[in-house]
Amino acid sequence: KPMPYAEEAREFNRDLVEGKAVKLEFDVQKLDKYNRILAYVYIGDRMVNIEMVRQGYAMIYTYPPNVKYSEMFLKAQEEARDTQRGLWADTEKNIIGPADTGKNVGFVRIVRATIISTYISEKALILNCGHDFKIVIFRNNFSLFPKDAIRSPDSYFKNKAIRVYGVIKKYKGSNEIVINSNSQLEILI
């Protein structure tokens, strides 16, 4: 099934760009590991990527070293979240715990949990919150997080109450949120 707001996002994007000349701006890398083009898309002076995020039709995903406009994207997403636009509608009213993530696979949710253990592998840092729910930070995004969080994840995260937001996915029997930005995770205590 499509991701939340995928159909609405496609229509919004179509309204912005269909039949118009677009300009592409590249960052450090032009392609991702799947050979997809990574570009900032413009109609005149208006960046389509930012508008998609600002209107709540997309979440930010940072692909280092392509971080030229990461602060602008973060501000646009905060604006969409604060004003409850698009996929952010009602998220603050629907804060769930780890035990409820299985019923929310495929949806953007805020999960309030306590990190009970951490594990770092060659590919990722895993923050285990119990009830078959974990938070995943892939190695290519480590530079976007505080150095202490990566160097000593137990000291930084273990036994801390947190709020994390993102799309809940099912992977190998567990529910997870993959975070691509430090802004997706808030330490409460």
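Karplus-derived 3J(HN,Hα) values for segment 146-155, using 6.51 cos²θ - 1.76 cosθ + 1.60 with θ = phi - 60°, are x, 4, 4, 5, 8, 5, 9, x, 4, 5 Hz; glycine and proline are entered as x.
Determine, from the Cβ-Cβ distance of N140 and F26 and an R0 of 22 Å, the FRET efficiency 1/(1 + (r/R0)^6), rounded to the nearest 0.05.
Computed FRET efficiency for N140 and F26 comes out at 0.75.
In summary, the convex hull built on the alpha carbon positions of segment 67-120 has an orientation-averaged projected area of 5.6 nm².
Compute the whole-percent fraction of alpha carbon pairs in segment 1-59 spaced more than 14 Å apart. Roughly 61 percent, rounded to a whole number. Computed from the C-beta positions of R14 and L188, the FRET efficiency with R₀ = 41 Å rounds to 0.55.
Maximal additional length on extending the D132-M3 stretch stands at 44.3 nm, based on 0.36 nm per residue less the C-alpha distance.
Remark: for residue pairs K75/K160; K30/K103; K75/K170; K147/K172, the C-alpha separation exceeds 31 Å in K30/K103. For segment 74-156, the gyration tensor built on C-alpha atoms gives an oblate shape. Its axis ratio a/c (a ≥ b ≥ c) is at least 1.5, and a/b is not larger than b/c. Inter-label distance, Y34 to D82: 3.2 nm, where each label sits 7 Å from its Cα along the C-beta direction. How would you classify segment 108-189 from its alpha-carbon gyration tensor, with a ≥ b ≥ c the square roots of the eigenvalues: rounded for a/c under 1.5, else prolate if a/b is greater than b/c, otherwise oblate? Note, shape of segment 108-189 comes out rounded. Remark: segment 1-111 projects, on average over all directions, an area of 8.2 nm² (convex hull of Cα atoms).
A short reminder: the numbers here are calculations on the coordinates, not readings from a lab. In this text the structure is predicted, and so the values were computed from the model without any measurement. Because the Cβ atoms are built from the backbone with ideal geometry, glycine has one as well, and the counts that use them run over all protein chains shown.
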